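Notes follow the structure.
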Amino acid sequence: MNKDCVYYKLSNKVSRKQFYEIVEIELNSGFIPYTESMIAECILYMDNFVCSYNDEIIGFITVEPFDELYAESNYIVNISVYPDYRGNNIAKKLIRFACNYYLENKLIKNKQITLDVELNNKALKLYELIGFERLNVPSRNGKDNIVMGQDAKVIVNKIDEILENK
């Protein structure tokens, strides 16, 4: 299945089908989902990268370029994969694709990519596995989230290493 997946940067002018595929993934994320209007805002004002399989979006990552709160890093706002496709390295590959996009286009000011994650989120282990380290800064929403960050090239190399060993 992974050989047939296509990864690409989504335009901020998406089709109705693409929009509702992302909404469906978000509704099945297992956490308090973003509303349709929040997703629309993310699509309009941020960078979105998707994984498509058989012409259907099955995973996405939203990145805010040059987030001022975290030292002007590129900030991962949201990442989610449709439940039926989890466990296929799609989240890792989406993170890798986004990092490479910023590195190749010289759009990563401090080379740093950050995110914050709830302590009880299963994805915390994934982020640690692929090289994100805990930063000693408060989370953007003031909750007990952990802020993590790393040089984007380190993340790409770590993901490549993990994927090669599978």
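Just so you know, all these numbers are worked out from the coordinates, no wet-lab data involved. Everything numeric in this text was worked out from a predicted model, so none of it was measured. Here Cβ is always computed from backbone atoms with ideal geometry, including for glycine, and neighbour counts include all displayed protein chains.
The distance between label points at LYS111 and LEU126 comes to 2.6 nm (points 7 Å beyond Cα on the Cα→Cβ vector).
Roughly speaking, what is the stretch gain from ARG134 to SER15, that is 0.36 nm per residue apart minus the C-alpha to C-alpha distance, in nm to one decimal?
39.1 nm
Taking a ≥ b ≥ c as the square roots of the eigenvalues of the alpha-carbon gyration tensor, region 1-43 is classed oblate because a/c is 1.5 or more while a/b is no larger than b/c.
Once the chain from ILE32 to ASN157 is taken as fully extended at 0.36 nm per residue, the excess over their C-alpha distance is 41.8 nm.
Which of rounded, prolate, oblate describes region 87-166, given a ≥ b ≥ c as roots of the alpha-carbon gyration tensor eigenvalues and a/c under 1.5 marking rounded, otherwise prolate only if a/b is larger than b/c? It is oblate, given that a/c is not under 1.5 and a/b is not larger than b/c. Computed extension length for ASN54-GLU118: 19.8 nm, one decimal, from 0.36 nm per residue of separation with the Cα-Cα distance subtracted.
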